[in-house]
1. Using a simple charge model, +1 on the beta-carbon of Lys and Arg, -1 on the beta-carbon of Asp and Glu, nothing else, what dipole does the range 82-146 show about its Cα centre, in debye to the nearest 20?
2. Out of all Cα-Cα pairs in the range 102-211, roughly what percent, to the nearest whole number, are more than 17 Å apart?
3. So for the chain: antiparallel DSSP bridges make up what percent, rounded to the nearest 5?
4. What does the charge dipole of the range 166-272 about its Cα centre add up to, to the nearest 20 debye, if the Cβ of each Lys and Arg holds +1 and the Cβ of each Asp and Glu holds -1?
5. Roughly how large, in nm² to one decimal, is the mean projection of the convex hull of the alpha-carbon atoms in the range 307-356?
6. With 32 Å as the limit, write out which pairs from Lys271/Lys293; Lys111/Lys271; Lys4/Lys293 have Cα-Cα distances beyond it, or answer none.
7. Give the residue from Gly306, Phe352, Thr332 lying farthest towards the positive end of the charge dipole for the range 306-356; charges sit on Cβ (+1 for Lys and Arg, -1 for Asp and Glu) and the dipole is referred to the Cα centre.
8. I want the local charge near Asn63. Using Cβ-Cβ distances under 14 Å, sum +1 for each Lys or Arg and -1 for each Asp or Glu among the other residues.
Amino acid sequence: MLTKILSLTKQFISIPSIKENNKALHEVLDIAKGELSGFHIEEFEKDGIPSILVYKENKKLRNFKIILDAHLDVVPGNKEQYASVEKDGRLYARGAFDMKAAAAVELLVFKEVAQKVNYPLALQLVTDEEIGGFNGAKYQADEGVRAEFAIAGEGTDLKVKNEAKGVLWANLSIKGKTAHAAYLWQGSNAIRMMNQALNQLAKKFPEPQKPIWKTTLNLSTINSSNQTYNKVADDCTVGIDIRYIPKDTETIVSLLKKTLPSYVQLDIKVKEPAQFTSKNNVYLKKLQNAVKKSINKSASIIAGYGASDIRHFNRVGCDGVEFGPTGYGLHTDCEWVDINSLKEYYISLKRFLLDV
Ligand SMILES: [Zn+2]
């Protein structure tokens, strides 16, 4: 089995499936489709981004008990990274850890168990997770695809990641009144007003000095149209990036409004949901049990700072977690996946699908 996992992984890796190379996105998916003959392969495409949903039933299905989700796109790498190198029990390559090896495992496990289980099971393969998943996992959700429980094969060291922070991007703008710099009393300085507003924000969102499971705020950009020293700046805009924990999802915007002085105009650009599935979720517990039974490791629950396509399931009310192999260096020049963990991943996932 490991031989098959590695050979499929290497085929995926040999295709530079980055967002700039739309042809490669189709090619990498074609490799997967070639492996899945005999199954119902439903093809989706939005804004040129292809994705598939694979299941055994011969009619169009929308509601599944379990969906295994994987993305076959990668962030750009060095040229050498599109060839796999095996060394010291590791497979080095772009996408080895994030997440072509996990995709290969999911596909092969799906192939092995799909005919054996008596519930609707699907394999979802997408090609735009690295740029937000809007035309892949989110599009499929918009088209009505639902799971009681979804598993994304992002690398988690065989632990179960049940929550991740949400993202909020916004601009804060202040309009003041211009004047000659020698006659300040005739104007109203927008930069000075912004300074006061930012001090209020800093009190509410102090800058953490170490990893912390709290909502945080970053000051990202600052601009004023004024480019002249001897003028009172009459406008100022600051861009902020907030990473919020799941329990602040409903309150973060009102908290922001309450904290900011009324002269600040708040313009929200992006609000991406946090990821959350209760650790008491029955499927999550079954997944933990399956790992324990299969490889005798306890699959502890972890929270993550970065989100995955699972949030698109959560957005439509479906539970899900990230669960994947061991590795290191995602998005770096030195990305690898632990080869033994792929075996463990395979048998754990198989056990879960058969037991659930
Ligand atoms: Zn990933």
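Every number here is computed from the coordinates shown, using simple stated rules; none is lab data. Model, not experiment: these values are computed from the prediction. Using ideal geometry, Cβ is built from the backbone for each residue, glycine included, and neighbour counts are taken over all protein chains shown.
1. On the way: 8 positive and 10 negative charges, 42 e Å.
Using Cβ point charges on Lys, Arg, Asp and Glu, the range 82-146 gives about 200 debye.
2. Details: 4512 of 5995 pairs.
Of the Cα pairs, 75 percent sit more than 17 Å apart.
3. In the chain, approximately 70 percent of DSSP beta bridges are antiparallel ones.
4. Magnitude of the dipole: close to 240 debye.
5. Computing the convex hull of the Cα atoms and averaging its projections yields 4.5 nm².
6. Beyond 32 Å: Lys271/Lys293; Lys111/Lys271.
7. After comparing all options, I get Phe352.
8. Details: positive: Lys59, Lys60, Arg62, Lys65, Arg146; negative: Glu42, Glu57, Glu143, Glu148, Asp319.
Computed value for this residue: 0.
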